[in-house]
């Protein structure tokens, strides 16, 4: 297991940020971390990267205790509210982080990472002259320095336009193909649904739901378009669709389309955390 948390708990005085969380991310797996503000997502990630110590429980990265030198060397991290020196060029910024990470990748690594995030043409552009979306992609590039085995990304697509989000999705798919594990913290449920193998939903410091987005979905009936309009069979399931079509055709109806309805990840999320908390 690339990243593992067992019984992870954290208290800040009387406030319980985490109340015994179990979570695992394997090689080549992309796991989405969901939950309302104050659910404990950021605390969990900060423990994983060694910025916060747990009150109890354990967290490991590639088998090494979270926060140890071996664990830090195996991970990449992009915080939500990151800041880069505005006077640095993209290439200079990556060179700085190569020194900090003791990466021997040199110019080739920097060039490859900028190409990977779609910033090859901005290699010499200063950070202060970049859009927020470009800075976000540059942040992902710095998180990839040293070829980490696991990435912890906090809202990596929040400042991106649709084209930029698509670039990041493609990047995450490439990383999965390379065997990199990713823990993605995001409020963009549509993005999580598109790219994540599994999701973990936190509420009040505890896991309230976990699984593949498709496995968490609930059936919502079958919608059939006929020559009399669209009919909804709200109690029907996928396996009922052929029978329903056959019955409609037998009754003289023309059938133009069939759609099996399931709840979206947003529906599932709101079911667990509630409208007010979300």
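The values are calculated or read from the model by the stated rules, or taken from the named source; none is laboratory data. What you see is a predicted model; the values in this text were computed from it and never measured. As a convention, Cβ positions derive from the backbone with ideal geometry for all residues, glycine included, and neighbour counts pool all protein chains shown.
Has region 223-231 got at least one residue that is farther than 29 Å from residue 143 by Cβ, touching a helix residue (DSSP H, G or I) at 6+ places or on another chain (Cβ under 9 Å) and touching a residue at least 24 places away in the same chain (Cβ under 8 Å)?
yes
Look at residue 278 and say whether it is under 30 Å from residue 38 (Cα atoms), at pLDDT below 90 and not assigned by TED's automatic domain parsing to the domain that holds residue 205.
Criteria met by residue 278.
Among the residues of region 67-89, what is the count of those that are in contact with a strand residue (DSSP E or B) (Cβ under 9 Å, 6 or more places away or on another chain), within 20 Å of residue 182 (Cα to Cα) and without any contact (Cβ under 8 Å) to a residue 60 or more places away in the chain?
Of the residues in that region, 7 qualify.
Based on this model, can you work out whether residue 38 counts as part of a loop (DSSP other than H, G, I, E, B) and surrounded by 17 or more Cβ atoms within 10 Å (Cβ to Cβ)?
no
Hey, among 114, 94, 138, which residue is free of Cβ contacts under 8 Å to residues at least 60 places away in the same chain and under 20 Å from the mean Cα position of the chain (by Cα)?
From the options 114, 94, 138, the qualifying one is 138.
Regarding region 65-73, can at least one residue be identified that is exposed (fewer than 15 other Cβ atoms within 10 Å of the Cβ), touching a helix residue (DSSP H, G or I) at 6+ places or on another chain (Cβ under 7 Å) and outside any loop (DSSP other than H, G, I, E, B)?
Yes, region 65-73 contains at least one residue that is exposed (fewer than 15 other Cβ atoms within 10 Å of the Cβ), touching a helix residue (DSSP H, G or I) at 6+ places or on another chain (Cβ under 7 Å) and outside any loop (DSSP other than H, G, I, E, B).
What are the pairs, 6+ residues apart or on separate chains, where a residue within region 171-182 that is in the same structural domain as residue 74 (by TED's automatic domain parsing) has its Cβ under 7 Å from a residue that is part of a helix (DSSP H, G or I) and at pLDDT 90 or above?
Note: pairs meeting the criteria are 171/140.
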